[in-house]
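The values are calculated or read from the model by the stated rules, or taken from the named source; none is laboratory data. A quick note: this is a predicted structure, and the numbers were derived from the prediction, not measured. Virtual Cβ from ideal backbone geometry, glycine too; neighbours counted across all protein chains shown.
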């Protein structure tokens, strides 16, 4: 963000610029969440949120590791689906949504019945 853009936005509302540590749009969701939490005075809640989503990833991987080991291929749908949108947005809420949708599909891929679809 250019200084002039920051100055203009700061006149409208409190403004937090992206760290120069990352390329434009390349801030990891964890860092973005922690920065937002700090800006809102809710650092502890932001840390809890990041830890919670990361734990959900660990649980999802543990539940679905066999699908990866076996080289299963799962059709996730078109790029216009809510699942694809959740992956693209990469916020704590959207990633949790993606995990909730991925785990049943991975389980269905492992049940041995090609007719099975996630509920």
Q.
Condition first: surrounded by 14 or more Cβ atoms within 10 Å (Cβ to Cβ) and in a loop (DSSP other than H, G, I, E, B). Can you find one or more residues in region 28-42 that meet it?
A. no
Q: Tell me, please, whether a residue that is without any contact (Cβ under 8 Å) to a residue 12 or more places away in the chain, assigned to a loop (DSSP other than H, G, I, E, B) and surrounded by 12 or more Cβ atoms within 10 Å (Cβ to Cβ) can be found in region 51-73.
A: no
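Taking the criterion of being in contact (Cβ under 8 Å) with a residue 60 or more places away in the chain and not in a helix (DSSP H, G or I), would at least one residue in region 91-110 satisfy it? Reasoning before the result, please.
Within region 91-110, the first condition is being in contact (Cβ under 8 Å) with a residue 60 or more places away in the chain, and the residues that meet it are 91-92, 95.
Now drop any that are not not in a helix (DSSP H, G or I), which leaves 91.
Yes, region 91-110 contains at least one residue that is in contact (Cβ under 8 Å) with a residue 60 or more places away in the chain and not in a helix (DSSP H, G or I).
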Q) Of all the residues that make up region 23-43, how many are free of Cβ contacts under 8 Å to residues at least 24 places away in the same chain, farther than 17 Å from residue 93 by Cβ and out of contact with any helix residue (DSSP H, G or I) (no Cβ under 8 Å at 6 or more places or on another chain)? A) 5
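Take region 77-90 and flag every residue that is part of a loop (DSSP other than H, G, I, E, B) and on the phi < 0 side of the Ramachandran plot. Walk me through it before giving the result.
If we filter region 77-90 for residues that are part of a loop (DSSP other than H, G, I, E, B), which is where we start, we get 77-81, 90.
Of everything in region 77-90, those that are part of a loop (DSSP other than H, G, I, E, B) and on the phi < 0 side of the Ramachandran plot turn out to be 78, 79, 80, 81.
Can you tell me which residue among 74, 12 is more than 14 Å from the chain's Cα centre (by Cα) and at pLDDT 90 or above? If you could, list the steps in order and put the result at the bottom.
Numbers: 74 fails: at pLDDT 90 or above.
Of the residues listed, the single one that is more than 14 Å from the chain's Cα centre (by Cα) and at pLDDT 90 or above is 12.
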Q: Using the structure shown, decide if residue 7 is over 21 Å from residue 91 (Cβ atoms), under 22 Å from the mean Cα position of the chain (by Cα) and either modelled with pLDDT of 90 or more or loosely packed, with under 14 Cβ neighbours inside 10 Å (or both).
A: no
